[in-house]
Amino acid sequence: MHLTIYVHDFHSQIGHSRAMQELLNGLSSAQKATISSIEVVAFTCGDLNKMFPDFRCEKFFTEVSFPKLKPFLIKTIYYHLASLSHSMTKGQGRKKIGIGIACPNVDIVNVQFIHEQWKHYFLQSRKLSFISRIYKKILFFYFSIFEKYVYSFRVNVKFIVIANFLKTFLSQKFNTPENQMTIIPSGVNTEEFNLYGGDSDDLTKKLLLNYPQLKDISFAQPVALFVGAFERKGLGRALDALRKIPNAQLIVIGQSENTKFKMPELPYKVAHIPFTKEVSLFYQIADLFIFPTQYEPFGLVIIEAYVMGLDLIIPVENVGASEIIQQSEGINFFHQGEEIQLKSLKKIPLEVKRQRRNERLEKIKKYSWQASSEKFFQILSAD
């Protein structure tokens, strides 16, 4: 079996890429042996040998070369044309997988984001100039046409959907046939996201050495954590909620979608880490994961914080991960549009985190990457 993956950019630190990486890496040894090659067609791509270390097959990146021009609409149209051309000429005899609507001619669509679903929240929550608003409406109009084609008219395509609320929307908005959709929620890598033993002081020293931004954070006191792109993931709401807490502390991992963004002056301590590959260590030192995202088809960071034993404050609507972690101690849900009720921060002892982890792993054991990969392989191997 030869696989070709179509996506704008393919890197482990991007959620949709990591999900595809985990789906493939979660296959059994016998299943991996049936795959003869993995090709990624993208603008940029990480090291495929590091992403798929247990695959002995050929792995190669086909670069879509594009001049560094704006706006994003032009780049998107260019990629669609390039991916269509590739799929029709070089994709023959290969199992073609599109992440989202990256390519109009694939066998499997991994639905990671629905623009038609997101556009309402985007246009309502952004202060845009007249020109910017017109441009964004044109961009979403283009996405709508493309999504309608992919989700409504591709009768021989299988859709992997990562949450129930996405499946319902596809069925109601695009009349996507039920028999073409399979819900495969994202899982969690329990080896990477684990509560390691050892001295907590040593961990603190390591983090302070590698991330000098943490110098003003007191790890003896409760620490809140936010991870993600600032605007869509709701950093502003998180900052406002913590204003009510005396002596609050917040670690922010991620960057703004706006290059001119500046962290506001706040009456509490905030440490900003633009990028890290060691996010699991930050879950270990944090006590509360606050994530007021507006729209989250799944939310890998939510399930990761969940198995690390943290308290969580997350929305109940428009979030795939919220569908599978209901009725757990330490989870505080709020409804979109309502004020976040945060009255205090509390320190979560390591032994409590360990106990929570065991209980939560039992609750979500059917949502492991191995279980998701098994469903994925059934779709891959179907004629």
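The values are calculated or read from the model by the stated rules, or taken from the named source; none is laboratory data. Just so you know, these numbers come straight off a predicted model, no measurement behind them. With ideal geometry, Cβ positions are generated from the backbone for all residues, glycine too; neighbour counts draw on all protein chains shown. Ligands, DNA and RNA are stripped out before the accessible areas are found, and what is left, the full protein with its side chains, is counted by its heavy atoms. Shrake-Rupley method; radii C 1.70, N 1.55, O 1.52, S 1.80 Å.
Tabulated values for the structure
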item	result
Ranked order, Glu323, Glu329 - accessible area, probe 1.4 Å, largest first	Glu329, Glu323
Most positive-pole-ward Cα, Phe282, Asn318, Leu361, against dipole of segment 238-383 from beta carbon charges	Phe282
Residue among Phe333, Tyr306, Leu345 farthest towards the positive dipole end of segment 290-351, charges placed on Cβ	Leu345
Accessible-area ranking of His272, His120, largest first, probe 1.4 Å	His120, His272
Distance in nm between pseudo-label sites at Asn258 and Tyr121 (7 Å out along the Cβ direction from Cα)	1.8
Test item: Cα-centred dipole of segment 251-295, Lys/Arg +1 and Asp/Glu -1 on Cβ, debye	140
Other-chain or far-sequence residues with amide H under 5 Å of Val188's (modelled H)	Trp369
Range in the chain, longest, excluding exposed chymotrypsin sites (Phe, Trp or Tyr not before Pro) [loop by DSSP; at most 13 other beta-carbon atoms within 10 Å]	1-195
Mean separation of Cα contacts under 8 Å, 6 or more apart, over the residue count of segment 1-109: relative contact order %	34
Estimated dipole of segment 190-302 in Debye, rounded to 20 [Cβ of Lys and Arg +1, of Asp and Glu -1, Cα centre]	460
Area accessible to solvent at Val188, 1.4 Å probe radius, in Å²	10
At R0 = 45 Å, FRET efficiency that the Cβ-Cβ distance of Asn332 and Lys148 yields, to 0.05	0.75
Most positive-pole-ward Cα, Asn175, Thr190, Ser200, against dipole of segment 165-207 from beta carbon charges	Asn175
Per-residue SASA entry for Thr276, accessible area with 1.4 Å probe, Å² rounded to 10	20
Ser12/Gln378 FRET efficiency (R0 35 Å; Cβ-Cβ; nearest 0.05)	0.90
Cα-centred dipole magnitude for segment 1-154, charges only on beta-carbon of K, R (+1) and D, E (-1), debye, nearest 20	580
(1) 67, 46, 39; (2) 60, 55, 38; (3) 97, 55, 38, with the label sought being that of the calculated Cα extents along the principal axes in Å	(2)
Net lengthening on full extension, Ser218/His272 (0.36 nm per residue, minus Cα-Cα)	18.0 nm
With all protein chains modelled, accessible area of Asp311 [1.4 Å, Å²]	20
Tensor-based shape of segment 178-306 (alpha-carbon gyration tensor, a/c under 1.5 rounded, otherwise prolate or oblate)	oblate
Beta bridges by DSSP in the chain, antiparallel share as percent, to the nearest 5	0
Cβ-Cβ FRET estimate between Leu73 and Leu203, R0 fixed at 51 Å, reported to 0.05	0.70
